[in-house]
1. Heavy atoms only, 1.4 Å probe, whole protein assembly: order Asp368, Asp293 by accessible area, highest first.
2. With a 1.4 Å probe and all protein chains left in place, how much accessible area per residue does segment 294-379 have, in Å²?
3. Given the protein chains as shown and a 1.4 Å probe, how many square angstrom of His234 are accessible, to the nearest 10?
4. Select from segment 58-166 those trypsin sites (Lys or Arg not before Pro) which occupy a DSSP coil region and have at most 10 other Cβ atoms within 10 Å, ordered by residue number.
5. In debye, nearest 20, what is the charge dipole magnitude of segment 307-365 about its Cα centre with +1 on Lys and Arg Cβ and -1 on Asp and Glu Cβ, if you could check?
6. Which net charge results when you count Lys and Arg as +1 and Asp and Glu as -1 among the other residues whose beta-carbon is under 13 Å from that of Asp293?
7. So what J values fall out for segment 289-296 if you push phi through Karplus, 6.51 cos²θ - 1.76 cosθ + 1.60 with θ = phi - 60°, rounded to Hz, Gly and Pro as x?
8. What accessible surface, in Å², does a 1.4 Å probe find on Ser238, ignoring ligands, DNA and RNA and rounding to the nearest 10?
Amino acid sequence: MSGHLEKVCRKRPFGSKARFTPYTRKVHSVENKDSAPEVQPPASLSEVEKKVYYTFHTGNDTNVFNCKIGGIPTEVFIDSGSDVNLLTEKTWQMLKAQQIIVSNCKKGSSKILKAYGCNEPLRILGTFDALVEIENRSTNAEFIVTEQGQRNLLGDCTSKKLGILKIGLAINQVKSDAKLLPFPKISGVEVRIQLDPKITPIYQPLRRIPIPLETTVNRKLDELLAREIIEVKHGPVSWVSPLVVANKANGQIRLCVDLRRVNQAVIRERHPMPVIDDVLTKIGKGNVWSVLDIKDAFFQLELKEESGDATVFITHRGLYRFKRLPFGLVSAPEIFQRTMDEILMDCDGAYWYLDDVGVEGKTVDEHDERLNKVSYQIMNK
């Protein structure tokens, strides 16, 4: 503006009505666009600071969302083609009037901001940081206020952090709050745990778990109940084993039951377990291979009603018992191996050890035919 002296100008700081720290200033008086020099980054700026940021708006209004910026409801357009978040000068004045909560408020910017297909940089009045909230998600983001802007844009990076934009396919994902279905089981098979009647049942006391782990243990117990792997034990008991919490390599926990005293009374079936030489003799000269792994294999086998009492275990929430074949039972591996032998004995080109199943074929067609048969046998037994 001609004749304007900055040192005597009674201008306000940028964001003077906003609650933020540190306190900075805002430019209310800007040069005429026709006479404004082209914005160039200083020579001392880093390569990141010299980057040219692009914005793009197609005119499509289907991607308009209502969110909160600094606690104030604001309408924004979700724009995957924008590298930054933009607010119009009009929106900024409205947000200031409603006492928006911001931080790191600055006049101007060293960034170069261009619209697609336009060589002239946009005029940047200032930048600030604020919390963006959409439904139950939130993230901190930087916003750039542009002169005479036409649309508030929420850029690619911030939109992805809020979960509005996603890259990739979400296949076979189970929501954490989704209802858990009963764990699958091999139909027609019920396992009976045979105990030596000469051995006196033993009641073992509760093993206390650290208080910080109680929430995680409760969640695991609820999941096992929902999937019908365990059930609450009612009435008198004979055998009672303690619950043990073990750490997994990924930092999570595994619930185990110490069945060592019960195992002393278990009468085993003594089904022959294959050794490596047995497996190697079944491997032919196939050219195409597949390996199947049965998830939580022992839980695929249902226990007979009368055998559940041998698996009762005590927790800080009370007594439970297994409805499926538990891990840690001395006879569980040979019971499962016998079951797999019965299911897959007529499957050519297949070999197995417990929950690991291999299928081979000399050609793709032969392999696929054998694989389909193995899968059908396991899933439809």
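The values are calculated or read from the model by the stated rules, or taken from the named source; none is laboratory data. Bear in mind the structure is a predicted one, so any value in this text is a computation, not a measurement. Every residue, glycine among them, receives a Cβ derived from its backbone with ideal geometry; neighbour counts consider all protein chains shown. When the accessible area is computed, the model is the full protein with side chains, heavy atoms only, and any ligands, DNA or RNA have been set aside. Shrake-Rupley method; radii C 1.70, N 1.55, O 1.52, S 1.80 Å.
1. Asp293, Asp368
2. Value for segment 294-379: 43 Å² per residue.
3. Surface open to solvent at His234 totals about 140 Å².
4. For trypsin sites (Lys or Arg not before Pro) across segment 58-166 that sit outside H, G, I, E and B with at most 10 neighbouring Cβ atoms in 10 Å, the list reads Lys166.
5. With only Lys, Arg, Asp and Glu charged at Cβ, the dipole is about 620 debye.
6. With Lys, Arg at +1 and Asp, Glu at -1, the neighbours total -2.
7. Here the 3J(HN,Hα) series is 10, 9, 10, 10, 10, 7, 6, 6 Hz.
8. Roughly 50 Å² of Ser238 is accessible to a 1.4 Å probe.
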